[in-house]
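Report on the structure given below.
Any read-out appearing in this document is the output of simple, stated calculations on the displayed coordinates, not a laboratory observation. It should be emphasised that the depicted structure is a prediction, and the values quoted were computed from it without experimental measurement. Quick reminder, even Gly has a Cβ in these numbers, built from the backbone with ideal geometry, and neighbours come from all protein chains shown.
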Amino acid sequence: MSNFLSQLFGNKSQRDLKELKPILQECLVYSDKVINLTNDELRDKTKEFKQRINNEIADEEARVNTIRQRIDTELDMPVAEKQSLYSELEELEKKAYDKTQKVLNDILPEAFAVVKETARRFAENEKVEVTANDYDKELAAYKDNVNIVGDKAFFDNSWLAGGNRVTWDMVHYDVQLIGGAVLHQGKISEMATGEGKTLVATLPIYLNALPGKGVHVVTVNDYLAKRDSEWNSMIFEFHGLRVDCIDKHEPNSEERRQAYNADITYGTNNEFGFDYLRDNMCNNTNEIVQRKHNYAIVDEVDSVLIDDARTPLIISGPTPKGDDQEFERFRPVIEKLYNVQRVFVTQILAEAKNLLKEGRTSEEERQGGILLLRAHHGLPKNKALIKFLSEPGMKSLLLKTENQFMQDQSKEMYKIDDPLYFIIDEKVNSIELTDKGMEYLAQLGEDPKMYMLTDVGSEIAELEKEELTPKEKAERKEKILQSYATQSDRVHTINQLLKAYTLFEKDVEYVVVNNQVKIVDEQTGRIMEGRRYSDGLHQAIEAKENVKVEAATQTYATITLQNYFRMYKKLAGMTGTAETEAGELWNIYKLDVVVIPTNRPISRLDENDLIYKTKREKFNAVITEIEKLVGEGRPVLVGTTSVETSELLSKMLTMRKIKHNVLNAKLHKKEADIVAEAGRAGTVTIATNMAGR
């Protein structure tokens, strides 16, 4: 039935393009007209557009200014009247916004034609000559490609972007004009890799910057934010629009406030979110840096709005007794406990492998399944265990055994867990010491009672039965509660140390740089500067790695990216892979996904995946393929999921004497140079999954 309807009405992509075709035709008509304008006349179009918007909303703006002036000056105004004025203000701002959007829709084809023509003139001329204005003179003071000679300004078509000199050589294709219209409509434009998403963005950015309310361009990392702001800036600055990047300036600084007051502001998703949190912590409105959230274009939108959306941004600060910690005190004990469990898990895994070899009986399979489940409860992130579970039938045997023991509210699970020193429940991220673990700690000279919580309720109940004066009862109760608080802190410390040893791996979840533990973003492979694990976990990892254990912190302000981006009046995004998450993006953000066709038919061959039995075979095959491609003089990009894997491949390439570059969380400072070289013939680049690569 759905196939019949698709043939009758076309699929969603075809229907979307049919709606956008008339806009494209209008853009092309205006492109033929603006080609005859002089450079000065082309620049005057921006003033004309701005005036048209201002004329449309003049009445609303005048009334808004009058109301604001009354609220600021009439301090003794009755509350009811003030509330009435605020309601009117809200209505006027909404009306002005709606009118502005209508004007932007009307001028879209002509505005897009102006941006396209500007791009064409920079691509075809080494210098673009115009009559100099005050803003041109301001630009000439700090931009080496803008020069003033007499009453003329000369814009060179070559400038620095992302640490490299670029020469502008791009003009918008028809499909890019369609992509720009989609972004202006507050939708997601899905474009294939290499189709020029950065250039597409110039169209809606210019159009939506005209009202002067601010356009935020959100990227996944600071390198892309700085590079794109410099790369595209000349197209906007040529027309008198101000461009800045918040990642170039310190938080809470006057420079950052100026960056937000620019017509176009580039930055990373995290910095936009953190600035919002800092603004909410300000004591004075003069310290606030952000303006109202008007319009945002999010690059790699699926990565930002889906993958990272539920990770909260947290601003934390010192807590009372933050230095009063026992991680160093308990680290040697927990390290011994972890090591004895690791030896035990290695031993039972070897037994399981022996039982589960070819030709096993059903009893051997049952026993092998029990040992596998025990090993999984002991150390779920053990590499040998993960490798064995990837073999055919092993994962399903583990799940089958687990289901059997979870019947009747897991009353038989003790048979699995009792031989372990501690039990890890990876699903709920919890760790629990067993009786055997307590006995082992006693052997080390530790008091097992230190590692368990007393039943404070029963102790207080017993206290109530005793014949004591109210004062004595209060003192005893205070002692019980203090003792419980100390025990609770100690048990928490032990649990966090066990998590640090068993669930967090160096060069995967975090790296150690300059004797500091730094978190690696699993989505982008980048170091998350200034970010720390909460609830004492970061301090536990610092103790594990023998670096300085920082003071404990508490949360001051927090927001998820999902909630932050919902505050924008209009939100749009670009990516190469959004169609798979189209349902989620619509349900959460009410964002429609429009697939934009490629400018030319795709010539790239997408080969089938190759599956190998072991990692050794897989990596050897990768190295052999790299050798072959380098021999053909082709550039090679190898994507990895962790810092550890990137370094392993680097060692293997070094052994084969193949020259290569590594781009990961540890070596990100060389990024601009590595990226600049990556496309050259015979260059091999190994990179973690840094979004936007």
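Contour minus end-to-end for K613 and E426, with contour as 0.36 nm per residue of separation and end-to-end as the Cα-Cα distance?
64.8 nm
At what distance in angstrom do the alpha carbon centres of region 363-401 and region 281-338 lie from each other?
36 Å
May I ask what percent, to the nearest 5, of DSSP beta bridges between residues of the chain are antiparallel?
The antiparallel proportion sits near 50 percent.
In whole angstrom, note down how far apart the Cα centers of region 252-277 and region 96-110 are.
With region 252-277 and region 96-110 each reduced to a Cα centre, they are spaced 26 Å.
Any chance you could run the full-extension gain for E41 through D72? It's 0.36 nm times the residue separation minus the Cα-Cα distance, nm to one decimal.
Full extension of this stretch gives 7.0 nm more.
I'm spelling it out carefully: the read-out is Cα extents along the principal axes in Å, the candidates are (1) 172, 60, 43; (2) 115, 69, 42; (3) 90, 79, 59, and one was derived from this structure. Which label?
Given (1) 172, 60, 43; (2) 115, 69, 42; (3) 90, 79, 59, the calculated one carries the label (3).
Please list, by residue number, every one of the chymotrypsin sites (Phe, Trp or Tyr not before Pro) in region 564-663 that is coil in DSSP and has at most 13 other beta-carbon atoms within 10 Å.
Y612
Quick one: which residues, 5 or more positions from V662 or on another chain, have an amide H under 5 Å from its amide H? H modelled 1.01 Å from N in the peptide plane, none for Pro or chain starts.
Result for V662 returns I686.
Can you give me the Cα centroid spacing of region 625-664 and region 179-231 in angstrom?
Cα centroid of region 625-664 versus Cα centroid of region 179-231: 32 Å apart.
So if each residue of separation counts as 0.36 nm, and I subtract the Cα-Cα distance between S253 and E677, what length gain in nm does that give?
So the extension gain works out to 149.1 nm.
When a footprinting reagent is the concern and you count Cβ atoms within 10 Å, what order do E230, E464 take, fewest first?
E464, E230
If you filter region 390-429 for trypsin sites (Lys or Arg not before Pro), then keep DSSP loop positions with at most 12 other Cβ within 10 Å, what is left?
Within region 390-429, the qualifying trypsin sites (Lys or Arg not before Pro) (loop, at most 12 other Cβ atoms within 10 Å) are K411, K427.
So which GluC sites (Glu not before Pro) in region 630-663 are both in a DSSP loop and have at most 12 other Cβ atoms within 10 Å of their Cβ?
When the GluC sites (Glu not before Pro) of region 630-663 are filtered for loop state and at most 12 Cβ neighbours within 10 Å, E632 remain.
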